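Asks: Just passing along the structure, written as structure tokens.
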Amino acid sequence: MKKASRAALALTLSVAAVAGGIGFTAGASQAEASRKPEPAVQDRFDPLGPPMHQLRHEGRTVHYADTGESEGTPVLFVGGAGTTARASGMTEFLHTTRQKLGLRMISVERNGLGDTEFDPELGFADYTSDVRAVLDKLGIRKAPVVAISGGGPYAAHFAAAAPGRVSSLHLAAALPPYGEKPGYCGRSDEELASAVREQIRDPRAWWAFPEDSPVRKIPGFTDRAEEDGARSYYLRGQLGDPEAQVHEQRLYCERPGPDLSGLRAPAFVYTGAKDTTVPPATQARWADALPREPVTRRYDDSGHDVQYRHWDQILLDVAGYADRTAVCTGRGSGAKTRVLPEKAAERALKKGATLGSCAWR
């Protein structure tokens with residue numbers, strides 16, 4: 001082949017390669033290329049996490065998150081110890097389910113965490129006042145309340161002070177402010193600070209779920225949790241100062257707990273049989289404090305991660321489907337998540353179905 005012909009062939013191949021880079025496949029016909037779908041760009045932004053807002057109340061700035069459609073059913077979400085108002089974002093691995101159920105998550109940040117300035121004089125009553133102010137601003141008269149872990153005492157104080165504003169109470173591995181005080185209550189502030197300082201310095205330690213925890217199946221969960229830990233203790237330049245966390249743990253020692261006798265809303269307790277942080281025996285104290293027997297959902301497959309592993313069921317309960325159970329039926333590619341009446345769910349479980357979304361498999 002002559003040099004000129006070789007050069008022409010090389011040029012032709014180069015043009016084809018460039019064409020392939022802008023939408024044509026080398027060797028493909030124009031007809032094949034035209035079968036590509038029409039490009040489309042969405043009309044609305046996808047959320048990057050719970051958006052934060054603020055208001056001035058009683059001389060302080062109250063920070064809160066509000067996630068979901070404004071016309072959705074509002075849910076007051078009270079996160080665990082050391083978490084910010086954006087902690088509700090750690091439940092967004094079931095964003096689609098929450099959205100389809102029409103639920104809107106609202107969370108009020110606590111004293112000294114995240115972007116909220118620390119005031120050693122503030123306590124449970126001040127948090128309740130902050131929550132009322134946020135709900136009033138948003139025009140919300142009544143809402144279900146979901147409390148996780150260390151959010152339990154805050155939810156109890158709010159429910160006791162404003163029982164008419166609680167439509168249902170959901171306590172997920174939640175610490176009850178009743179019964180014996182936690183074992184650490186006899187320690188000094190310096191000893192408590194020393195005990196939590198390393199976990200606060202490195203939020204990965206604060207959120208160190210066991211290797212066999214089901215939450216490790218959730219893409220990005222651990223990273224998201226660690227980010228909230230960093231937000232809790234570093235956002236305002238706290239540089240890992242344990243003062244706010246020690247103050248919160250002191251509040252957990254307050255006894256007696258609030259009087260819940262005025263609460264008329266139904267209550268649900270979710271407990272993991274393997275929970276060593278807030279064991280089932282400790283969570284059972286809620287039944288003694290509540291005026292009506294709560295619905296207790298005990299899960300043998302969970303520890304202190306029950307609030308995430310069974311978040312699908314919590315969402316159903318919050319949305320008013322407490323008589324339904326989420327189960328995964330079938331195997332392999334035929335697996336399907338179904339929401340069944342209680343008796344039908346029990347039959348399905350006996351036949352090999354598993355609790356919750358098939359995503360857990």
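The values are calculated or read from the model by the stated rules, or taken from the named source; none is laboratory data. The shown structure was predicted, so the numbers you read here are calculated from the model rather than taken from an experiment. All Cβ positions, even for glycine, are placed from backbone atoms using ideal geometry, and neighbour counts span all protein chains on display. With ligands, DNA and RNA removed, areas are computed over all heavy atoms of the protein, side chains included. Shrake-Rupley method; radii C 1.70, N 1.55, O 1.52, S 1.80 Å.
Asks: For the chain, what is the mean residue ellipticity at 222 nm derived from helices alone (per DSSP H run of n ≥ 4: -39500 (n - 2.57); sum divided by total residues; nearest 500 deg cm²/dmol)?
Replies: On the way: 14 runs with 123 residues, N = 361.
The helix-only estimate for the chain comes to -9500 deg cm²/dmol at 222 nm.
Asks: If I fit a long axis through the Cα atoms of helix 221-234 and take the longest principal axis of the Cα atoms of the chain, what angle between them do I get, 0 to 90°, rounded to 10?
Replies: Long axis of 221-234 versus the principal axis of the chain: about 60 degrees.
Asks: Another one. Could you work out, for the chain, what percent of all Cα-Cα pairs fall into each 20 Å distance bin, beginning at 0 Å and stopping at the bin that holds the largest distance?
Replies: In whole percents, the pair-distance histogram is 26, 50, 15, 8, 1.
Asks: With charges only on Cβ, +1 for K and R and -1 for D and E, what is the dipole size of region 225-361 about its Cα centre, in debye, rounded to 20? Don't skip to the end; give the middle numbers.
Replies: Values: 20 positive and 19 negative charges, 180 e Å.
Around 860 debye, computed over region 225-361.
Asks: So how strong a dipole does the chain carry about its Cα centre when Lys and Arg Cβ are +1 and Asp and Glu Cβ are -1, to the nearest 20 debye?
Replies: The dipole magnitude comes to about 1900 debye.
Asks: Report for region 54-182 the percent antiparallel among DSSP-assigned beta bridges with both residues inside it, nearest 5.
Replies: 40 percent
Asks: Report, in degrees rounded to the nearest 10, the 0 to 90 angle that the Cα long axis of helix 152-161 makes with the longest principal axis of the chain.
Replies: Once rounded, the angle reads 60 degrees.
Asks: Using every Cα-Cα pair within region 84-155, state what percent have a distance larger than 13 Å.
Replies: Working: 1839 of 2556 pairs.
Summing the P(r) tail past 13 Å for region 84-155 gives 72 percent.
Asks: With a cut-off of at most 14 other beta carbons within 10 Å, and DSSP calling the residue loop, which GluC sites (Glu not before Pro) in region 185-248 qualify? Please list them. The partial results should precede the final answer.
Replies: Numbers: sites: 190, 191, 198, 211, 226, 227, 243, 248; in loops: 211.
The qualifying sites are 211.
Asks: Within the chain, what whole-number % of the accessible surface is contributed by carbon and sulfur, with the 1.4 Å probe and all protein chains included in the calculation? Write down the numbers at each step before the final one.
Replies: Values: 9650 of 18570 Å².
The computed percentage sits at 52.
Asks: Considering all projection directions equally, how large on average is the shadow of the alpha-carbon convex hull of region 235-358, in square nanometres?
Replies: Numbers: hull surface 45.2 nm².
Approximately 11.3 nm², given one-decimal rounding.
Asks: Please work out the average accessible area per residue across the chain, using the 1.4 Å probe convention, and give it in Å².
Replies: Values: 18570 Å² over 361 residues.
For the chain, the per-residue accessible area is 51 Å².
Asks: Still on this model: Can you say what percent of the DSSP beta bridges in the chain, counting only those with both residues inside, are antiparallel? Round to 5.
Replies: Working: 18 of 40 bridges.
The antiparallel fraction comes to roughly 45 percent.
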